[in-house]
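Asker: Once you've had a glance at the structure underneath, I'll fire off some questions.
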Amino acid sequence: MVQASVIVMCFSYILGLLLTAVPGGNYLVLSLGILIALVSKVIKRQILRKARQSKQNGLARSKAVSPKKQLFPRPRVWLIASLVGLSASFYLDSRVPIAGTNDISNFVPPGNNSNQERLFIVRGNVTSTPRLTRASKGQFWMEAKQFDEVKNEGSQTGGAKGVSGKLYVTVPLLKATGLSPHQEIAVTGVLYKPKAGVNPGAFNFQNYLNRQGVFAGLSGRQINILSEEKKWGWWKIRESIVRAQVAALGIPSGPLLSAMVVGNKAVDVPYDVRDLFIRVGLSHVLSASGFQTSLILSVILSLTQRATRVTRFTIGSIALLIFVCLTGFDPPVVRATIMGFAALIGLLLKRPVKQLSLLLLTATLMLVFNPLWIWDLGFQLSFLSTLGLIITVPAIIKRLGWLPLGVAALIAVPLAATIWTLPLQLYLFGTIPTYCILLNIISAPLISVISLGGFISALVALILPSGGSGIAWVLNYPIHWLLNLADFFGNMQFSSFALGTITIAQMIIIYTLLVLVWLVSWWRRRWWIALGISFTLLFIPAWHSANTLFQVTMLAANGEPVIVIQDKGKVAVINSGDEGTGRFTILPFLQQQGINQVDWAVASDFQDNGSKGWLEILPRIAIKEFFDYSATSEDNILISSAIQKQLQNHPGAYKQPRVGQRLNLGSTVLELINDQLPILQIQIQDKSWLLVGNLKPTELRNLIKLGFLPRSQVLWCPPQILTELVTALKPEVVITTSADLNPKILSELGNTKMQLLFTGRDGAIQWTPSKQFEAFIQSMENKTSAL
């Protein structure tokens, strides 16, 4: 009875935290608890009535139903649990980071960015080891203490202000080399406020920083070290281990081994290896996780079988503490460490540990310590996969009884983990790593050998660095095989299948079915029904949407119109933007929409090197026909050659249409008007679109004077030429990148019937025949308001 009450309290606390995502969810927990309390009271009365009837009928006392022996908690337990859930929601709200009155983010000038060259000097302490970004810059976290603005002459204003708060700092890579935690530094650079996500499916940089209590960033140019003293910390041990292993194995094998030992937050694994492992379903290999924790504990307990229980407990506890400190207290490692300690205590006391109850208690303890972990993806995936291992692996092994136990377990572990984590992955990312189960089965022995060897190498490296390097060198072949294995599966067709993001309702229904299969014998015997319902919920809506949706999306990209047209199962992508746009803007959107193939791709020369994004898209998305208008400058000719190489396996896919040649892309007709100037005309159903690049004033006036610019209902152009084009063409809808226009011009345009949209401010712009034009940021705000 006590155990059931504790379980109810823990579950109610976690549910209270989860429902903070829903407005008024805290009172939903309270209402639910009161309702269950009332129902349980009615049930208890019925049990008492049956007990009295049984006694009156002369039944044996042993056969009578005794209310005291019921495992179902009493009504007051449910009432207390409802209050616990309500308190959890208020507790989470109180722990959500907010910028204080003296936070440095409050002093960031409005609209400040790296182009305005308004520099500041910020003094403070480094709080993390510098990391390498995709842009090949050094990145670290900094606790700000003081800042001052720099005059144009390079001198300070003399009005230094004391501030507080953390900063996300990026600097040239060489400037960050040699920095360590606790050092006092002064960084000269541009302060800015992080932007929210402006495109569907794109990474929300603002949310990422805000969850860590950071509300401003600093793009640094220069660093002055004010304190050379390097205080001791676990970072020094991590650095010694990484240096020894990288020296022996080089890149990428060395960083990969170190990431498996000390976690990926302490080492820079090359981004191409990260992307590959994430795509094929081996992302858990790139960081220290519960697998490594379990492996350490298993090896220690095996080696100390003949020792006393106290000795085994002591050695195991020390190993777990060292490992969790080395990895930086990541939620998956903390979870595995707590459960490992519980196993050691059970060993010491000679008492079995109930894994499921322990998992729930561990989650509750961690969320009491830091309730914000409830929204940490690592925390969520760690607990879901562990839940799958506890309750689903035994059932799978039982059904695979015809196989040897070791082989059955090898299949059951990745299968169970995938079953319980896939719905959450689809809700967040919309992609399925197609071969992840098979790859995890094949790679499991390699990962175990590499992890164990990496730990031994790390221990030896702390005493004798050359010895640690020697042991790491022995792992060269296993790591090489693992990389080749991941590369082989990553290059297979549909290594990652984009289904499209599912709704929260779909995710909840699928997890409800999993719980029913787990708890209800009828569903357990008919698990295939739950499987069929889940597949129907996932694939039928995705198929229906893809084959009925007509939607035009103009993504928010820098300086170039990037358009995705979804035409009832056919997809066209016009332009790819510069480097980074393909990876961070276009690919996430295509994955969110469940697009695995582009029927038509069009590259036009709207800006220098404006086709680099295609080089990021082509390795991930199949393209049937590629129309290249961009091969006009020397740089773009080189890019076009690289595009042709990537399309060499698809003969006839690459084409260079002539000026004036109309391209029929489904129900869309596209035409390049001028081969020297960036002007595209597109007819999309009953809407005519005109895309005009950044023209010189004389070129623009000549085109208007000669009538070479056709009137269109929708106009896209840079803000510099907006006024002249609007006056000449009088479109119904105008889309441009920035709202940084003369207030007088903005006021005049606002007084007309014309709709004016800014991708830099409003985010991506979407058009459908029924809803017309809608800004992404506004639509997200409307959905939030509706909730």
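Asker: Please specify each residue of the stretch 365-384 satisfying the condition of being assigned to a helix (DSSP H, G or I) and open to solvent by 30 Å² or more (accessible area, probe 1.4 Å).
Answerer: If we filter the stretch 365-384 for residues that are assigned to a helix (DSSP H, G or I), which is where we start, we get 365-369, 371-375, 377-384.
Selection gives 365, 368, 369, 372, 373, 375, 377, 380, 381, 384.
Asker: Among residues belonging to the stretch 617-636 that are buried (at least 18 other Cβ atoms within 10 Å of the Cβ) and of a type in the set (Gly, Ala, Ser), point out the one that is modelled with the highest pLDDT. Spell out the reasoning first.
Answerer: Here is the first cut: in the stretch 617-636, the residues buried (at least 18 other Cβ atoms within 10 Å of the Cβ) are 617-618, 620-621, 623, 625-631, 636.
Filter once more, so that each one left must be of a type in the set (Gly, Ala, Ser): 630-631.
Details: 630: 70, 631: 59.
Across the stretch 617-636, the extreme among qualifying residues is 630.
Asker: Still on this structure, I have one more. Looking only at the stretch 150-160, decide whether some residue is crowded, with 16+ Cβ neighbours inside 10 Å and outside any loop (DSSP other than H, G, I, E, B). Break it down into steps so the answer makes sense when it comes.
Answerer: Filtering the stretch 150-160 for residues crowded, with 16+ Cβ neighbours inside 10 Å gives 150.
Now narrow it down to the ones that are outside any loop (DSSP other than H, G, I, E, B): 150.
Yes: the stretch 150-160 contains one or more residues that are crowded, with 16+ Cβ neighbours inside 10 Å and outside any loop (DSSP other than H, G, I, E, B).
Asker: While we're looking at this one, here's another question. Condition first: in a helix (DSSP H, G or I), open to solvent by 60 Å² or more (accessible area, probe 1.4 Å), at pLDDT 85 or above and out of contact with any helix residue (DSSP H, G or I) (no Cβ under 8 Å at 6 or more places or on another chain). Can you find one or more residues in the stretch 73-86 that meet it?
Answerer: No, the conditions are met nowhere in the stretch 73-86.
Asker: Something else: Take the conditions more than 24 Å from the chain's Cα centre (by Cα), surrounded by fewer than 19 Cβ atoms within 10 Å (Cβ to Cβ), within 19 Å of residue 362 (Cα to Cα) and in contact (Cβ under 8 Å) with a residue 40 or more places away in the chain and apply them to residue 321. Does it pass? Give the steps one after another, and end with the answer.
Answerer: Details: more than 24 Å from the chain's Cα centre (by Cα): yes; surrounded by fewer than 19 Cβ atoms within 10 Å (Cβ to Cβ): yes; within 19 Å of residue 362 (Cα to Cα): yes; in contact (Cβ under 8 Å) with a residue 40 or more places away in the chain: no.
In short, no.
Asker: Does residue 362 qualify as being within 23 Å of the chain's Cα centre (by Cα), β-branched (Val, Ile, Thr) and assigned to a helix (DSSP H, G or I)?
Answerer: Numbers: within 23 Å of the chain's Cα centre (by Cα): no; β-branched (Val, Ile, Thr): yes; assigned to a helix (DSSP H, G or I): yes.
When the stated conditions are applied, residue 362 does not pass them.
Asker: Given the condition basic (Lys, Arg) and crowded, with 19+ Cβ neighbours inside 10 Å, answer yes or no: does some residue in the stretch 567-578 qualify? It would help to see each step written out before you state the result.
Answerer: Residues of the stretch 567-578 that are basic (Lys, Arg), as a first pass: 568, 570.
Narrowing the set further to residues that are crowded, with 19+ Cβ neighbours inside 10 Å leaves 570.
Yes: one or more hits.
Asker: Among residues belonging to the stretch 249-281 that are open to solvent by 30 Å² or more (accessible area, probe 1.4 Å) and assigned to a helix (DSSP H, G or I), point out the one that is nearest to residue 186 (Cα to Cα).
Answerer: 271
Asker: In addition: Quick one: what pairs do we get from the stretch 203-220, first residue in contact (Cβ under 8 Å) with a residue 12 or more places away in the chain and of a type in the set (Phe, Trp, Tyr), second open to solvent by 20 Å² or more (accessible area, probe 1.4 Å) and part of a helix (DSSP H, G or I), C-beta under 7 Å, 6+ apart or different chains?
Answerer: What qualifies is 203/584.
Asker: Identify, from the list 389, 438, the residue that is surrounded by fewer than 16 Cβ atoms within 10 Å (Cβ to Cβ), free of Cβ contacts under 8 Å to residues at least 60 places away in the same chain, within 27 Å of the chain's Cα centre (by Cα) and part of a helix (DSSP H, G or I).
Answerer: Numbers: 389 fails: surrounded by fewer than 16 Cβ atoms within 10 Å (Cβ to Cβ).
438 is the lone residue from the list that is surrounded by fewer than 16 Cβ atoms within 10 Å (Cβ to Cβ), free of Cβ contacts under 8 Å to residues at least 60 places away in the same chain, within 27 Å of the chain's Cα centre (by Cα) and part of a helix (DSSP H, G or I).
Asker: Would you check which residues across the stretch 1-24 are outside any helix (DSSP H, G or I) and in contact (Cβ under 8 Å) with a residue 24 or more places away in the chain and list them? Let's see the steps before the verdict.
Answerer: We begin by selecting, within the stretch 1-24, every residue outside any helix (DSSP H, G or I); these are 1, 22-24.
1, 22, 23 - these are the residues of the stretch 1-24 that are outside any helix (DSSP H, G or I) and in contact (Cβ under 8 Å) with a residue 24 or more places away in the chain.
Asker: Which residue pairs have Cβ atoms closer than 7 Å, lie 6 or more positions apart in sequence or on different chains, and pair a first residue in the stretch 269-288 that is closer than 18 Å to residue 432 by Cα with a second residue that is among the hydroxyl-bearing types (Ser, Thr, Tyr) and open to solvent by less than 50 Å² (accessible area, probe 1.4 Å)?
Answerer: Close Cβ pairs satisfying both conditions: 279/495; 279/496; 280/495; 282/443.
Asker: Please work out which residue is modelled with the lowest pLDDT, limiting yourself to the stretch 1-39 and to residues that are of a type in the set (Gly, Ala, Ser) and in contact with a Phe, Trp or Tyr (Cβ under 6 Å, 6 or more places away or on another chain).
Answerer: First pass over the stretch 1-39, keeping only residues of a type in the set (Gly, Ala, Ser): 4-5, 12, 16, 21, 24-25, 31, 33, 37.
Restricting the remaining residues to those that are in contact with a Phe, Trp or Tyr (Cβ under 6 Å, 6 or more places away or on another chain) gives 33, 37.
On the way: 33: 82, 37: 79.
Looking at the filtered set, the residue picked out is 37.
Asker: Hey, another quick one. Looking at the stretch 540-554, can you tell me whether even one residue there is open to solvent by 30 Å² or more (accessible area, probe 1.4 Å), of a type outside the set (Lys, Arg), at pLDDT 90 or above and touching a helix residue (DSSP H, G or I) at 6+ places or on another chain (Cβ under 7 Å)?
Answerer: For the stretch 540-554, residues open to solvent by 30 Å² or more (accessible area, probe 1.4 Å), of a type outside the set (Lys, Arg), at pLDDT 90 or above and touching a helix residue (DSSP H, G or I) at 6+ places or on another chain (Cβ under 7 Å): absent.
Asker: Would you call residue 319 aliphatic (A, V, I, L, M), more than 30 Å from residue 8 (Cβ to Cβ) and touching a Gly at 6+ places or on another chain (Cβ under 7 Å)?
Answerer: So residue 319 does not fit the description; no.
Asker: Further question on the same structure: Here is a check on your reading of the model: is residue 95 open to solvent by 40 Å² or more (accessible area, probe 1.4 Å), more than 30 Å from residue 227 (Cβ to Cβ), modelled with pLDDT under 85 and not hydrophobic (A, V, I, L, M, F, W, C)?
Answerer: No, not satisfied.
Asker: For residues that are at pLDDT 85 or above and assigned to a helix (DSSP H, G or I), scanning just the stretch 205-234, find the one that is surrounded by the most Cβ atoms within 10 Å (Cβ to Cβ).
Answerer: Here is the first cut: in the stretch 205-234, the ones at pLDDT 85 or above are 205-226.
Next cut, assigned to a helix (DSSP H, G or I) only: 205-210.
On the way: 205: 15, 206: 16, 207: 13, 208: 13, 209: 21, 210: 18.
Checked the stretch 205-234; the qualifying residue surrounded by the most Cβ atoms within 10 Å (Cβ to Cβ) is 209.
Asker: As an exercise: evaluate residue 178 against (1) out of contact with any Leu (no Cβ under 6 Å at 6 or more places or on another chain); (2) crowded, with 16+ Cβ neighbours inside 10 Å and give the number of the one condition it does not meet.
Answerer: Single failed check for residue 178: (2).
Asker: Is it true that residue 202 is hydrophobic (A, V, I, L, M, F, W, C) and open to solvent by less than 10 Å² (accessible area, probe 1.4 Å)?
Answerer: On the way: hydrophobic (A, V, I, L, M, F, W, C): yes; open to solvent by less than 10 Å² (accessible area, probe 1.4 Å): no.
Against the criterion (hydrophobic (A, V, I, L, M, F, W, C) and open to solvent by less than 10 Å² (accessible area, probe 1.4 Å)), residue 202 does not qualify.
Asker: Only one residue in 504, 509, 529 is more than 28 Å from residue 630 (Cα to Cα), open to solvent by 50 Å² or more (accessible area, probe 1.4 Å) and free of Cβ contacts under 8 Å to residues at least 40 places away in the same chain, so which one is that? Break it down into steps so the answer makes sense when it comes.
Answerer: On the way: 504 fails: free of Cβ contacts under 8 Å to residues at least 40 places away in the same chain; 529 fails: open to solvent by 50 Å² or more (accessible area, probe 1.4 Å).
Sole residue among the options that is more than 28 Å from residue 630 (Cα to Cα), open to solvent by 50 Å² or more (accessible area, probe 1.4 Å) and free of Cβ contacts under 8 Å to residues at least 40 places away in the same chain: 509.
Asker: Would you confirm whether any residue within the stretch 446-463 is touching a strand residue (DSSP E or B) at 6+ places or on another chain (Cβ under 8 Å) and open to solvent by less than 10 Å² (accessible area, probe 1.4 Å)? Give the steps one after another, and end with the answer.
Answerer: The first filter runs over the stretch 446-463 and keeps only residues touching a strand residue (DSSP E or B) at 6+ places or on another chain (Cβ under 8 Å), leaving none.
No: zero hits.
Asker: Step by step: first the residues of the stretch 349-359, then only those that are open to solvent by 50 Å² or more (accessible area, probe 1.4 Å) and in a helix (DSSP H, G or I), then the one that is nearest to residue 339 (Cα to Cα). Which residue is that?
Answerer: 355
Asker: Then there's this: Return the residue satisfying two criteria in turn: it lies in the stretch 673-721 and is closer than 23 Å to residue 773 by Cβ and of a type in the set (Gly, Ala, Ser), and of such residues it is surrounded by the fewest Cβ atoms within 10 Å (Cβ to Cβ).
Answerer: 688
Asker: Considering only the stretch 290-306, I want to know if a residue exists there that is basic (Lys, Arg), surrounded by fewer than 21 Cβ atoms within 10 Å (Cβ to Cβ) and in contact (Cβ under 8 Å) with a residue 12 or more places away in the chain. Let's see the steps before the verdict.
Answerer: To start, the set of residues in the stretch 290-306 that are basic (Lys, Arg) comprises 306.
Now restrict to residues that are surrounded by fewer than 21 Cβ atoms within 10 Å (Cβ to Cβ): 306.
Now restrict to residues that are in contact (Cβ under 8 Å) with a residue 12 or more places away in the chain: none.
Looking for residues that are basic (Lys, Arg), surrounded by fewer than 21 Cβ atoms within 10 Å (Cβ to Cβ) and in contact (Cβ under 8 Å) with a residue 12 or more places away in the chain, one finds none in the stretch 290-306, hence no.
Asker: Could I ask something else about it? Select from the stretch 677-713 the residues that are part of a loop (DSSP other than H, G, I, E, B) and of a type in the set (Gly, Ala, Ser) and write down the one among them that is modelled with the highest pLDDT.
Answerer: Just the residues of the stretch 677-713 that are part of a loop (DSSP other than H, G, I, E, B), to begin with: 677-678, 685-686, 693-696, 707-713.
Applying the additional criterion that residues be of a type in the set (Gly, Ala, Ser) yields 693, 707, 712.
Working: 693: 82, 707: 78, 712: 88.
Step by step, filter the stretch 677-713, then rank; the result is 712.
Asker: On the given criteria, is residue 499 farther than 17 Å from residue 399 by Cβ and open to solvent by 50 Å² or more (accessible area, probe 1.4 Å)? Give the steps one after another, and end with the answer.
Answerer: Working: farther than 17 Å from residue 399 by Cβ: yes; open to solvent by 50 Å² or more (accessible area, probe 1.4 Å): no.
For residue 499, the condition - farther than 17 Å from residue 399 by Cβ and open to solvent by 50 Å² or more (accessible area, probe 1.4 Å) - is not met.
For (1) modelled with pLDDT of 85 or more; (2) of a type outside the set (D, E, K, R); (3) outside any helix (DSSP H, G or I); (4) over 30 Å from residue 568 (Cα atoms), each residue gets a yes or a no:
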residue: 744; (1), (2), (3), (4): no, no, no, yes
residue: 766; (1), (2), (3), (4): yes, yes, yes, no
residue: 773; (1), (2), (3), (4): yes, yes, yes, no
residue: 778; (1), (2), (3), (4): no, yes, no, no
residue: 781; (1), (2), (3), (4): no, no, no, no
residue: 784; (1), (2), (3), (4): no, yes, no, no
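The values are calculated or read from the model by the stated rules, or taken from the named source; none is laboratory data. Every value quoted in this text rests on a predicted model; they were computed, and no experiment measured them. For neighbour counting, all protein chains shown are included, and Cβ atoms are generated from backbone atoms with ideal geometry for every residue, glycine included. Accessible surface is based on the protein model in full, side chains and every heavy atom, while ligands, DNA and RNA are left aside. Shrake-Rupley method; radii C 1.70, N 1.55, O 1.52, S 1.80 Å.
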